[in-house]
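One structure is given below, encoded as structure tokens.
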Amino acid sequence: MSHTTLAVRLTPRAKADAVEGWAEDEAGRPYLKVRVRAQPIEGRANAALKALLAEALGVARSAVSVAKGGQSRLKQVRVEGLDEAELRAIMKFP
């Protein structure tokens, strides 16, 4: 089964849940900016992130997991069932 991993910068305690688009870090590596209303307590923000990305990508919640960075704002998120080209097309990657 295909899968891909993407970098996500998560901002908890936002006014609304939103996938804001792509940005680059200082080294020029792309990451997806995401905001969620949930607080970063007991995994609530990560759960909200997974639910929001699953909906945006059209995959099941179980297909989205936080592979690295569970406790940090910058995370590596693994998405099952999509390859990198499909992900780029859905998320309008530049």
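Take every pair of alpha-carbon atoms less than 8 Å apart whose residues are at least six positions apart; their mean separation over the length of the chain yields a relative contact order of 34 percent. Think of it as helices only: each DSSP H run of n ≥ 4 in the chain is worth -39500 (n - 2.57), and spread over all residues that comes to -6500 deg cm²/dmol at 222 nm. For the range 3-90, the Cα gyration tensor yields ellipsoid semi-axes of 18, 16, 12 Å (square root of five times each eigenvalue, largest first, whole Å). With loop membership from DSSP and a limit of 10 other Cβ atoms within 10 Å, the longest segment of the chain without GluC sites (Glu not before Pro) is 43-94. Pairs from the list K15/K75; K33/K92; K33/K68 with a Cα-Cα gap above 19 Å: K15/K75. The alpha carbon centroids of the range 1-50 and the range 59-78 are separated by 8 Å.
Every read-out reported here was derived from the displayed coordinates using simple, explicitly stated rules and does not represent laboratory data. All of these numbers come straight from a predicted model, not from anything done at the bench. Cβ coordinates were reconstructed from backbone atoms using ideal geometry, including for glycine residues, and neighbour counts include every protein chain displayed.
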